[in-house]
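These notes are about the structure you will find just below.
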Amino acid sequence: MIWTDLTQDWAYWYRALQERFPNLEESAMPFAKIDRSRFEAYLAQRHNLSLTEAHEEVEDFLYVQGLMRDSEEGPAAA
């Protein structure tokens, strides 16, 4: 899964992000969701992370969510 997948259904993914990162505030999301770098900076600030840690957390979130989404869809028909 990539960042644009997340932003295409922000309402759905925001709930999952908030579960993983409980210090997110919905009022900050209009600007944060537009630009991944801004979101990562906001995430770092709200969760006391470095920018590198925030970037790695987002990468991990996207990877895990992508795996979960793929496993729910099952194997592609041949």
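Summary of computed values
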item: Probe 1.4 Å, protein heavy atoms only - accessible area per residue of the chain in square angstrom; result: 67 Å²
item: Chain lengthening between Glu59 and Met1 when straightened (0.36 nm per residue, less Cα-Cα); result: 19.9 nm
item: Net dipole in debye of the chain [+1 Lys, Arg Cβ; -1 Asp, Glu Cβ; about Cα centre; nearest 20]; result: 220 debye
item: D_trans [Stokes-Einstein, Kirkwood Rh over alpha-carbon pairs] for the chain, 10 °C, 1.306 mPa s, µm² s⁻¹; result: 121 µm²/s
item: Mean residue ellipticity (222 nm) of the chain, computed from DSSP H runs ≥ 4 via -39,500 (n - 2.57), nearest 500; result: -22000 deg cm²/dmol
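The values are calculated or read from the model by the stated rules, or taken from the named source; none is laboratory data. Predicted model, so just to flag it, every value in this text is computed and none were measured. Note: ideal-geometry Cβ built from the backbone for every residue, glycine included; neighbour counts use all protein chains shown. Ligands, DNA and RNA are stripped out before the accessible areas are found, and what is left, the full protein with its side chains, is counted by its heavy atoms. Shrake-Rupley method; radii C 1.70, N 1.55, O 1.52, S 1.80 Å.
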